1. Mind listing just one residue for me: the one in the range 294-312 that is open to solvent by 20 Å² or more (accessible area, probe 1.4 Å) and over 13 Å from residue 343 (Cα atoms) and, of those, farthest from the chain's Cα centre (by Cα)?
2. Can you tell me which residues in the range 364-384 are assigned to a helix (DSSP H, G or I) and either of a type in the set (Ser, Thr, Tyr) or open to solvent by less than 50 Å² (accessible area, probe 1.4 Å) (or both)?
3. How many residues does the range 367-395 contain that are in contact with a strand residue (DSSP E or B) (Cβ under 7 Å, 6 or more places away or on another chain) and among the charged types (D, E, K, R)?
4. Determine, yes or no, whether residue 120 is closer than 20 Å to residue 40 by Cα and of a type in the set (Ser, Thr, Tyr).
5. With respect to residue 354, determine if the residue is out of contact with any Phe, Trp or Tyr (no Cβ under 7 Å at 6 or more places or on another chain), assigned to a helix (DSSP H, G or I) and either at pLDDT 95 or above or surrounded by fewer than 16 Cβ atoms within 10 Å (Cβ to Cβ) (or both).
6. Quick check on this structure: which one of 53, 49 is within 17 Å of residue 22 (Cβ to Cβ) and modelled with pLDDT under 95?
Amino acid sequence: MQRKIAVVGLGYVGLPVAVAFARAALAQPGQPEVVGFDIDASRIDELRRGVDRTSEIEPGGLPEAGLRFTDQAADLRGCDFFIVAVPTPVDAAHKPDLAPLLSASRTVGPALKAGDIVVYESTVYPGATEEDCVPVLEATSGLRHGVDFFCGYSPERINPGDREHRFEDIRKIVSGCDAATLDTVARVYESVVRAGVHRASTIRVAEAAKVIENTQRDLNIALMNELSVIFARLGIDTAEVLAAAGSKWNFLPFRPGLVGGHCIGVDPYYLTYKAEQVGYIPQVILAGRRINDNMGRYVARNTIKLMLKNGVDVPRARIGVLGITFKENVPDTRNSKVADLVHELCDHGAEVVVVDPHADARELQHDHGLTLGEVSPAAPVAALVVAVAHREFRALTPADLRALVRGPRPVLADVKSLYDPAALQAAGFTVFRL
């Protein structure tokens with residue numbers, strides 16, 4: 001379709017979207033170039049140099065043509081199809097923070113003209129597009145929604161670090177404020193998404209579908225985490241229980257773990273916020289959130305208990321934490337629950353050394369006030385917490401791990417159950433794992 005597309009927000013979600021449309025534009029003679037906008041001037045400078053700090057686009061994967069990066073709002077004025085993909089975090093009280101979304105709407109509004117379409121991809125609660133964003137667009141554009149310009153919602157489904165499920169290969173939910181807008185939005189996305197689209201009947205349906213995708217996953221992991229706590233008290237290995245239960249064909253393969261990042265650990269709060277606004281206090285969803293939010297501290301406290309049991313003077317000990325990002329093989333440390341684990345260890349007086357070959361040091365300092373360090377045979381620690389399943393950590397053997405610690409009875413907390421516990425015990429470790 002001959003639409004001039006602008007993608008507003010070039011993070012983990014927006015950049016792959018912009019690149020996909022730019023590549024499609026290159027393959028279609030006469031198709032206008034795609035505009036990629038971000039308020040972070042340093043991010044724009046990096047992208048112009050072909051550098052993607054999120055590692056979502058492989059080196060050399062940024063198109064040399066068909067995509068124009070800019071931090072100047074005036075460059076949006078020639079566009080007629082706007083895709084907004086900015087973060088939607090929560091505040092310290094776990095309430096939705098729509099500031100980035102509303103700011104992006106204020107940026108897009110002045111660029112709107114008759115016939116333009118604005119599609120939001122950011123995760124929100126049902127009603128946010130039409131109740132919160134549209135009024136901002138109308139106020140800043142002087143135009144009327146549904147008459148002069150039109151809106152849609154197509155929730156992002158990007159999975160950071162996943163090289164198999166890419167933007168073009170994940171079926172896309174699309175919606176519009178009316179039938180004509182829905183048809184246009186669907187055709188625009190169908191031009192780049194090979195997996196096709198699912199047409200939702202309304203914007204609110206699409207918003208709700210997105211927010212429950214991650215809520216469902218959050219609750220399933222919370223169940224596994226609670227089972228892990230129970231089985232630990234019963235002296236049963238959780239991984240062995242799940243392997244046995246997994247022999248049944250319809251047992252879902254969820255595992256316990258630390259639930260962080262900017263999706264699973266955040267999105268359920270958008271739904272519970274809206275539920276409370278309409279007079280319903282969610283029980284199950286909030287219970288799952290409480291369980292998952294406490295798991296970092298739970299791992300830290302169990303590590304400390306084992307160290308004390310083994311005669312380690314914790315306030316004088318160095319503890320190595322391998323991995324600080326919110327998931328494996330990505331540099332993103334936002335809302336990482338490993339940080340909660342680190343802070344809990346520090347609260348017990350230990351010196352904590354964080355090691356992560358993928359983490360962005362500047363982001364880590366900004367988000368959590370932590371710095372990266374080194375653990376080696378020359379600089380050993382009294383205990384190890386392997387918190388993230390980075391490929392580099394998966395490759396370590398029990399002997400490799402033992403070389404990083406000192407003392408006769410070191411503790412190893414294997415959060416992701418990466419290693420054979422019998423082999424770790426044979427190497428001299430006291431093992432804790434979820």
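The values are calculated or read from the model by the stated rules, or taken from the named source; none is laboratory data. It should be emphasised that the depicted structure is a prediction, and the values quoted were computed from it without experimental measurement. All Cβ positions, even for glycine, are placed from backbone atoms using ideal geometry, and neighbour counts span all protein chains on display. When the accessible area is computed, the model is the full protein with side chains, heavy atoms only, and any ligands, DNA or RNA have been set aside. Shrake-Rupley method; radii C 1.70, N 1.55, O 1.52, S 1.80 Å.
1. 311
2. 364, 368
3. Final tally of qualifying residues: 1.
4. Considered against the rule, which asks whether it is closer than 20 Å to residue 40 by Cα and of a type in the set (Ser, Thr, Tyr), residue 120 comes out as yes.
5. no
6. From the options 53, 49, the qualifying one is 49.
The rows are residues; the columns are (1) out of contact with any Gly (no Cβ under 9 Å at 6 or more places or on another chain); (2) outside any loop (DSSP other than H, G, I, E, B); (3) closer than 30 Å to residue 28 by Cα.
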{"residue": "93", "(1), (2), (3)": "yes, no, no"}
{"residue": "108", "(1), (2), (3)": "yes, yes, yes"}
{"residue": "118", "(1), (2), (3)": "no, yes, yes"}
{"residue": "126", "(1), (2), (3)": "yes, no, no"}
{"residue": "157", "(1), (2), (3)": "yes, no, yes"}
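Rundown of residues vs (1) open to solvent by 70 Å² or more (accessible area, probe 1.4 Å); (2) hydrophobic (A, V, I, L, M, F, W, C), yes/no style:
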position	(1), (2)
161	no, no
170	no, yes
175	no, no
181	no, no
186	no, yes
201	yes, no
227	no, yes
237	no, no
245	no, yes
